[in-house]
1. Looking only at segment A:166-176, count how many residues are under 16 Å from A:Ala243 (Cβ atoms) and without any contact (Cβ under 8 Å) to a residue 60 or more places away in the chain.
2. Within the set of pairs 6+ apart or on separate chains, which have a first residue in segment A:206-222 that is touching a residue at least 12 places away in the same chain (Cβ under 8 Å), a second that is aromatic (Phe, Trp, Tyr) and in a loop (DSSP other than H, G, I, E, B), and C-beta atoms under 8 Å apart?
3. Right, A:Phe174: part of a strand (DSSP E or B), under 33 Å from the mean Cα position of the chain (by Cα) and either farther than 21 Å from A:Phe285 by Cβ or of a type in the set (Asp, Glu) (or both) or not?
4. Out of all the residues in segment A:183-201, is one or more in contact with a Phe, Trp or Tyr (Cβ under 9 Å, 6 or more places away or on another chain), of a type in the set (Ser, Thr, Tyr) and either in contact (Cβ under 8 Å) with a residue 24 or more places away in the chain or not assigned by TED's automatic domain parsing to the domain that holds A:Leu307 (or both)?
5. Just checking, how many residues over segment B:34-60 are at the interface with chain A (Cβ under 8 Å from one of its Cβ atoms), closer than 17 Å to B:Ile77 by Cα and of a type in the set (Val, Ile, Thr)?
6. How do the helices (runs of 4 or more DSSP H) wholly within segment A:222-293 filter down when requiring 2 or more residues that are in contact with a strand residue (DSSP E or B) (Cβ under 8 Å, 6 or more places away or on another chain) and over 26 Å from A:Val312 (Cβ atoms): which remain?
7. Among residues belonging to segment A:96-127 that are part of a helix (DSSP H, G or I) and among the polar types (S, T, N, Q), point out the one that is surrounded by the fewest Cβ atoms within 10 Å (Cβ to Cβ).
8. Before we move on, is B:Trp59 out of contact with any Lys or Arg (no Cβ under 9 Å at 6 or more places or on another chain) and either in contact (Cβ under 8 Å) with a residue 60 or more places away in the chain or not aliphatic (A, V, I, L, M) (or both)?
Amino acid sequence: MGGEASKAISKEELWGGGQSPFSVSYGKMMMWYFLVSDALTFGGLLTAYGFVRASSEDAWPIGEQVFRALPGLDGQYPLIYVALMTFILIVSSVTMVLAVEAGHRNDKSGVVRWMALTIIGGIFFLGSQAWEWSHFIHGSGGSFILAENVSVTSDDGQVFDLTKGDAVYMDHHFGHLAEPWLEGAPNVSLVDSDHGVKLVEIGEHSHEAELHALTLNKYVENESHVSGDQAMKLWNARSASFAFGANMHDNEYGIQQAYANFFFFITGFHGFHVFSGVVINIIIFIMAIQGVFERRKHYEMVEKVGLYWHFVDLVWVFVFTFFYLV
Amino acid sequence: MERDDLIVNDSYSLNAHHSEEEGVKIRKNIWKVTLILTILTTVEVFMGVYFKRSETFTWSMIKWTFIVLTLVKAAYIVLVFMHLGDERSNLKKVVLAPYMLFIGYLLFIAISEGFGHLMSFSTFH
């Protein structure tokens with residue numbers, strides 16, 4: 001008879017009306033609905049980012065200039081670390097889809113193995129993000145704002161007419177000592193030497209940093225270095241406004257605080273999703289080991305958390321493009 | 001007309017099992033998509049490092065390339081990894097249509113109003 005389901009499905013599995021219009025279980029469909037609403041949240045955040053950036057009259061920091069450090073290495077590796085994070089998350093998405101595939105074959109050991117790898121990938125991503133945040137918060141040298149107009153020649157011969165309010169960047173050796181010096185630490189002092197100034201720290205970890213060169217336009221376009229007496233001119237024109245790294249009040253990367261705030265909020269919100277995903281994955285992993293799904297005769301729970309995990313990867317694909325690349 | 005609201009065979013999601021041989025095929029597809037996603041990401045990173053941003057036509061084309069590559073990646077993740085491509089078409093529409101509608105509209109007004117704000121700022125200040 002037309003209009004009758006040819007296969008009997010128990011009432012507990014079906015919806016209240018005894019039918020399933022999308023041919024998916026209630027739980028799976030609700031996971032999709034949750035993901036749609038969560039995607040709208042992230043979409044709203046990235047749209048807000050786009051709005052603030054489009055309406056900003058100051059230059060906006062560039063991803064490959066801000067994010068170019070690797071743990072434990074000196075030198076510049078633009079975007080390599082973020083690319084690595086992206087790759088880790090994509091790979092953990094792949095191991096997740098392999099776990100789902102194993103579940104469809106009722107292959108318990110396969111599910112357990114691939115779930116374990118997914119969890120490890122998620123933890124690696126979280127660790128990478130922690131380092132990224134730490135680096136962003138500590139910064140790479142800091143900046144100060146000019147108190148007066150000054151004209152300098154850079155090392156490659158370009159002449160810059162800088163105005164009051166422009167930012168100048170220090171290297172990380174000098175900035176590292178400039179921060180305690182500004183805070184009035186008794187063991188750090190400023191010394192005038194023959195060819196410039198240096199900061200000297202005395203005490204247990206005594207060392208010194210000389211003002212070799214300052215950098216212009218570090219995060220907003222191709223940077224230019226200024227050294228020698230030209231750097232001294234910039235140093236002498238400094239105001240009391242210094243910024244080291246980033247926090248909720250100021251940041252060295254751009255004139256706009258919105259840049260740091262969006263970084264914290266968007267990557268933080270995403271990181272929290274990854275964290276929740278790892279916790280949920282661990283729960284499902286343990287349930288799989290205990291044979292809960294084997295007794296149920298289906299592994300749809302793995303599929304449902306898989307949907308969430310892929311979604312987290314999907315969001316990162318967009319964050320990567322709009323925060324780091326464009 | 002075929003009724004859409006009834007389960008006529010084994011297509012109900014809880015019964016979505018497949019055999020060992022089908023599994024081999026599915027896994028092959030998964031690795032193929034992995035390769036595609038990796039290549040696209042690598043291309044994006046190289047483009048991001050190589051091209052310097054500026055107010056030129058070239059840069060705006062590169063920006064659009066990034067966006068298109070991202071949408072291609074997103075499509076692979078949603079349709080293959082999340083299996084939305086294998087779901088019934090009404091579920092596909094329920095998930096994708098509202099999102100595209102709202103975000104497309106929101107992006108359009110936010111970005112164009114953002115530029116408008118900037119223009120009026122630079123005109124009147």
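1. Residues of segment A:166-176 that are under 16 Å from A:Ala243 (Cβ atoms), as a first pass: A:166-172, A:174-176.
So of that shortlist, the ones also without any contact (Cβ under 8 Å) to a residue 60 or more places away in the chain come out as A:166, A:170-172, A:174, A:176.
Total meeting the criteria: 6.
2. Pairs found: A:Tyr219/A:Tyr253; A:Val220/A:Trp60.
3. No.
4. Applying the first criterion (in contact with a Phe, Trp or Tyr (Cβ under 9 Å, 6 or more places away or on another chain)) to segment A:183-201 yields A:188-190, A:196-199, A:201.
Going one step further and asking which of them are of a type in the set (Ser, Thr, Tyr), we end up with A:189.
From what's left, either in contact (Cβ under 8 Å) with a residue 24 or more places away in the chain or not assigned by TED's automatic domain parsing to the domain that holds A:Leu307 (or both): A:189.
Taking every residue of segment A:183-201 in turn, at least one turns out to be in contact with a Phe, Trp or Tyr (Cβ under 9 Å, 6 or more places away or on another chain), of a type in the set (Ser, Thr, Tyr) and either in contact (Cβ under 8 Å) with a residue 24 or more places away in the chain or not assigned by TED's automatic domain parsing to the domain that holds A:Leu307 (or both).
5. 4
6. On the way: elements: A:228-236, A:257-262, A:268-289.
Those helices (runs of 4 or more DSSP H) span A:228-236.
7. Pass one, segment A:96-127, residues part of a helix (DSSP H, G or I): A:96-104, A:108-127.
Cutting the leftovers down to among the polar types (S, T, N, Q) gives us A:109, A:118.
Working: A:Ser109: 10, A:Thr118: 29.
By that ranking, first place goes to A:Ser109.
8. On the way: out of contact with any Lys or Arg (no Cβ under 9 Å at 6 or more places or on another chain): no; either in contact (Cβ under 8 Å) with a residue 60 or more places away in the chain or not aliphatic (A, V, I, L, M) (or both): yes.
No.
The values are calculated or read from the model by the stated rules, or taken from the named source; none is laboratory data. Since this is a predicted model, take the numbers as computed values, not measurements. Heads up, the Cβs are rebuilt from the backbone with ideal geometry, glycines too, and the neighbour counts pull from every protein chain shown.
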